[in-house]
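Okay, structure first, notes after.
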Amino acid sequence: MDTNRFIKRLTEIVEEYISDEEAYSDDVQLEVNTQTWDMEIADPDNDIPGCDYWPMMDLVRMSSGNAGQWEPDPEAIAEVAAEYVFTE
């Protein structure tokens, strides 16, 4: 995994969340497995060892072009990526 691939995958997960936001609770999280770099939308009660959790709502912002719509927040996504050191 490298930073660009991580950001791309994280953005895809956020877009997945936005596309079906009603299917999730308000406090749903992004789960990042720090061993495999797998990511998924997770229940807020998850607490799996070796995984980090980030609130999904912290990774979105209001769309500037479509009022009332969410979009991925590139700055917030970059801040999450900056928390990790990739060696590959």
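The values are calculated or read from the model by the stated rules, or taken from the named source; none is laboratory data. The shown structure was predicted, so the numbers you read here are calculated from the model rather than taken from an experiment. Areas reflect the complete protein model, heavy atoms only, side chains present, ligands, DNA and RNA absent. Shrake-Rupley method; radii C 1.70, N 1.55, O 1.52, S 1.80 Å.
Assorted remarks:
- Summary value for the chain: 33 percent relative contact order, contacts being C-alpha pairs under 8 angstrom separated by 6+ residues.
- Amide H to amide H distances under 5 Å link Val60 with Asp73, where only residues 5 or more positions off or on other chains count and H is placed in the peptide plane.
- 5 angstrom amide H check on Ala42, placed H, neighbours 5+ away: Gln29, Leu30, Glu31
- The stretch between Thr11 and Asp52 holds 13.1 nm of extra length on full extension. This uses 0.36 nm per residue minus the Cα-Cα distance.
- With protein chains left intact and a 1.4 Å probe, residues in the chain average 64 Å² of accessible area per residue.
- Share of carbon and sulfur in the accessible heavy-atom surface of the chain [1.4 Å probe, %]: 43 percent
- For the stretch 17-33, backbone phi angles converted through the Karplus equation (6.51, -1.76, 1.60; θ = phi - 60°) give residue-by-residue couplings of 4, 4, 5, 9, 4, 5, 7, 10, 6, 5, 10, 4, 10, 8, 9, 10, 7 Hz, Gly and Pro being listed as x.
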